[in-house]
Amino acid sequence: MKSKKGIIIAIIVIIIIVAIIVGYFFLKQEKSDPEQVLNDYIAKINEEKYDEMYQMLDEDSKQKISQEDFITRNKNIYQGIDMSNMKIEIKNEDTSGKVSNITYQTKMNTVGGEVSFENTITLNKNSDKQYKIAWSSNLIFPDLNDTDKVRVTTNEATRGIMTDRNGLELATNGKASSIGIVPGKLGENQEESIQKLAALLNMTAEAVSSKLQASWVQEDSFVPIKTVSLDETELKENLLQIPGIKITTVNARTYPLGEAASHLTGYVQAITQEELEKNSDYSSSSIIGKTGLEKQYESRLKGKDGVEIYIVDEEGNKKSTISEQEKVDGENIKLTIDSNLQQKLYNELKNDAGSFVVMNPKTGEILALVSTPSYDVNKMTLGISNAEWQELSNNEKSPMLARYLQSYCPGSTFKPITGAIGLSSNTLTTEDTFTYSDLSWQKDSSWGTYQITTLTAYSGPKNLRNALIHSDNIYFAQAALKIGASTLMSGLDKLKFNENIEFALNLSKSQYANEDTINQETLLADTGYGQGELLVNPIHMAAIYSAFDNNGNMVKPYLEYQENKTIEYLVENAFTEEAANEIKKDLIQVVENPEGTAKDMKVEGITIAGKTGTAELKTSKDEEADTIGWFNCFTVDEDTPYLVIGMVEEANNNGGSHYLIPMIKKIWN
């Protein structure tokens with residue numbers, strides 16, 4: 001029994017040994033398969049494992065090129081053309097004895113687009129029965145000899161420009177002055193010269209010195225320090241008094257309207273590493289839109305650089321082209337903006353915090369978008385110091401904020417909307433009147449001490465028209481209660497409250513309550529006259545007001561100019577035709593009536609409908625807080641129609657609506 005058992009064990013051991021030997025043989029054979037060797041080599045190219053690639057070469061190849069030179073040549077070529085995702089398809093394999101020739105098709109992505117070519121590789125089996133690669137430079141590209149070089153030439157695309165409706169440039173490709181240092185010419189008092197330069201350029205001496213310490217800098221190098229506007233004549237004259245300073249002219253993105261349109265155009269700057277990682281079709285030297293329309297239209301404005309990848313011989317003569325991609329210049333974009341109107345309104349409001357939106361109420365074309373205070377957009381694109389950036393960022397008036405993109409409490413400019421919803425839903429009529437005698441009112445004792453107050457007493461019935469003419473808070477509080485929370489919210493939902501409005505720039509949503517519902521009676525009353533938790537975006541407000549001039553249809557605002565564009569409505573039948581026309585007639589009286597709150601807006605020969613508004617920015621009746629002044633208006637039956645939404649902060653100090661009205665009247669001067 002023991003003998004039999006021993007025999008069985010011996011047989012099992014022999015089988016295991018044989019299996020190991022056979023397995024090893026097959027593994028070795030698999031490893032030595034020429035196609036697998038080629039695929040492994042290509043994988044290592046993609047992984048940039050150039051040292052491991054070298055180990056796959058046969059001995060003759062290693063005699064011809066050192067590992068260091070091999071790594072340098074492959075790395076420089078593949079990284080120089082920004083190669084990625086190399087793939088091969090084997091077309092034919094001819095193995096005879098110890099030599100295998102494989103024909104294969106290669107595809108790869110490069111800075112010049114996709115490159116495809118057919119090539120042949122020779123593999124030789126060594127004494128260990130391993131296939132090794134017979135290498136030469138033509139394995140990189142078939143036409144590339146060992147003494148040749150691969151070159152990449154870039155033909156930079158021109159960034160598209162932005163113009164206004166009349167062809168005047170808003171963002172264009174201009175020139176600027178590059179201030180730099182030639183280190184070898186700084187003279188003996190280098191530190192003193194650097195200090196003077198830094199002070200003139202609003203930089204630190206350390207920031208200047210760090211640029212001079214870059215590894216590439218030589219004594220005769222031109223080291224760029226800062227780029228300034230071409231018209232900085234006095235600054236440049238002072239800079240040239242410093243030894244070693246050199247000024248050159250460079251290409252730069254420029255903004256002819258400057259501060260007047262900075263929030264609208266936005267600006268470009270050098271791409272960051274983080275942005276570069278997200279945008280594979282840019283290079284480390286690219287510029288990219290950072291804010292405003294430069295950012296929103298980036299993909300259309302940027303264009304695509306032309307690139308040629310080619311081979312030159314040792315004399316520098318061009319042998320052949322590997323890949324050529326024609327440059328595509330960026331698209332030029334024409335806006336609906338009127339530069340003259342933009343500049344005029346900016347000049348009026350530039351010393352205040354506020355905004356203007358001007359729109360053609362018939363078409364939806366945005367004619368001006370002004371936000372103040374502003375900032376020097378040309379400085380931003382040329383590059384500002386950290387100190388200058390901190391000064392802008394910490395400015396309490398928020399000059400970087402595009403106010404027309406935000407949402408604010410609308411105050412009494414909301415009253416026409418309450419009226420229009422009431423009329424459209426048949427919960428309010430022009431004949432409805434309310435009874436109250438004082439300048440304060442509450443529904444009943446259930447409100448406790450909560451009171452609705454209004455500013456002015458007036459004679460005549462407390463109806464819709466008189467309430468709009470005199471901007472009567474109490475009337476619209478009672479009107480809101482009569483309309484009801486459900487109907488008012490439904491009407492506002494129809495106007496696209498709590499929704500993102502489609503526009504070229506990102507608009508803050510308008511809202512009627514913080515929790516998306518009006519769930520208190522006092523909140524409903526306050527909402528009726530434009531307070532409570534209401535927030536409205538100025539561009540959205542322009543669209544709503546356009547319904548009063550379009551038989552109840554809200555026009556869709558837009559910024560990109562199009563000839564003979566079909567009118568698009570953001571909301572059709574936002575109000576009934578009868579309701580819209582009634583509100584329009586009443587708003588005309590706000591301007592035309594001698595008792596109207598906007599009687600100072602009257603312009604001879606022009607019919608204007610308008611509404612004043614003051615929004616109190618406080619959370620309780622007893623709180624003292626800032627106010628926002630509003631004035632919304634539109635022309636009636638004019639060949640050149642305008643709809644204006646004006647807003648100014650600190651209205652309790654400057655007069656609010658009546659501070660804005662003289663500015664707006666200058667549109668017609």
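A few notes on this one:
- Checking Glu365 against (1) surrounded by 22 or more Cβ atoms within 10 Å (Cβ to Cβ); (2) acidic (Asp, Glu); (3) not assigned by TED's automatic domain parsing to the domain that holds Gly613, the condition it does not meet: (3)
- One residue from Glu563, Glu533 being closer than 30 Å to Ile333 by Cβ, without any contact (Cβ under 8 Å) to a residue 60 or more places away in the chain and not basic (Lys, Arg): Glu563
- Test for Lys611: is it closer than 26 Å to Glu533 by Cβ and surrounded by 15 or more Cβ atoms within 10 Å (Cβ to Cβ): yes
- Any hit, region 472-490, residues being within 30 Å of Asn573 (Cα to Cα) and part of a loop (DSSP other than H, G, I, E, B): yes
- Region 50-82 - residue that is modelled with pLDDT of 95 or more and assigned to a loop (DSSP other than H, G, I, E, B) and, of those, farthest from the chain's Cα centre (by Cα): Asp58
- Options Ala199, Ala214, Ala176; residue that is within 30 Å of Ile242 (Cβ to Cβ) and touching a helix residue (DSSP H, G or I) at 6+ places or on another chain (Cβ under 8 Å): Ala176
- Residue satisfying all of: in region 460-498; of a type in the set (D, E, K, R) and over 43 Å from the mean Cα position of the chain (by Cα); nearest to Thr527 (Cα to Cα) among these: Lys482
- The set of residues in region 458-469 being at negative phi, of a type outside the set (Phe, Trp, Tyr) and either touching a helix residue (DSSP H, G or I) at 6+ places or on another chain (Cβ under 7 Å) or buried (at least 21 other Cβ atoms within 10 Å of the Cβ) (or both) consists of Lys462, Leu464, Arg465, Ala467, Leu468, Ile469.
Residue-wise test of (1) modelled with pLDDT of 95 or more; (2) touching a Lys or Arg at 6+ places or on another chain (Cβ under 7 Å); (3) part of a helix (DSSP H, G or I).
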residue	(1), (2), (3)
Met86	yes, no, no
Lys91	yes, no, no
Asn101	yes, no, no
Phe117	yes, no, no
Thr120	yes, no, no
Leu123	yes, yes, no
Ser127	no, no, no
Asp143	yes, yes, no
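- Every pair of residues 6+ apart whose Cβ atoms lie under 8 Å, when the first sits in region 652-669 and is buried (at least 16 other Cβ atoms within 10 Å of the Cβ) while the second is assigned to a loop (DSSP other than H, G, I, E, B) and at pLDDT below 95: Asn652/Asp626
- When region 219-233 is filtered for residues that are in contact with a helix residue (DSSP H, G or I) (Cβ under 9 Å, 6 or more places away or on another chain) and closer than 14 Å to Lys246 by Cβ, the ones remaining, listed by number, are Glu219, Asp220, Ser221, Val223, Pro224, Ile225, Lys226, Thr227, Val228.
- Subset of region 359-406 that is among the acidic types (Asp, Glu) and in contact (Cβ under 8 Å) with a residue 60 or more places away in the chain - its residue that is farthest from Ile288 (Cα to Cα): Glu365
- Screening Asp639 with (1) at pLDDT 95 or above; (2) more than 30 Å from Trp441 (Cα to Cα); (3) assigned to a loop (DSSP other than H, G, I, E, B) gives one miss only, at (1).
- Top-ranked residue in region 559-608 [being farther than 22 Å from Tyr529 by Cα and hydroxyl-bearing (Ser, Thr, Tyr); ranked as nearest to the chain's Cα centre (by Cα)]: Tyr561
- Only listed residue being in a helix (DSSP H, G or I) and more than 20 Å from Ala387 (Cβ to Cβ), chosen from Glu192, Glu206, Glu188: Glu192
- Positions within region 30-49 being assigned to a helix (DSSP H, G or I) and touching a residue at least 24 places away in the same chain (Cβ under 8 Å), in sequence order: Lys31, Pro34, Glu35, Val37, Leu38, Asn39, Tyr41, Ile42, Ile45, Asn46
- Selection count, region 265-305, where residues are assigned to a helix (DSSP H, G or I) and either closer than 23 Å to Ile384 by Cα or not small (Gly, Ala, Ser) (or both): 15
The values are calculated or read from the model by the stated rules, or taken from the named source; none is laboratory data. Keep in mind that what you see is a predicted model, and the values were worked out from it rather than measured. Heads up, the Cβs are rebuilt from the backbone with ideal geometry, glycines too, and the neighbour counts pull from every protein chain shown.
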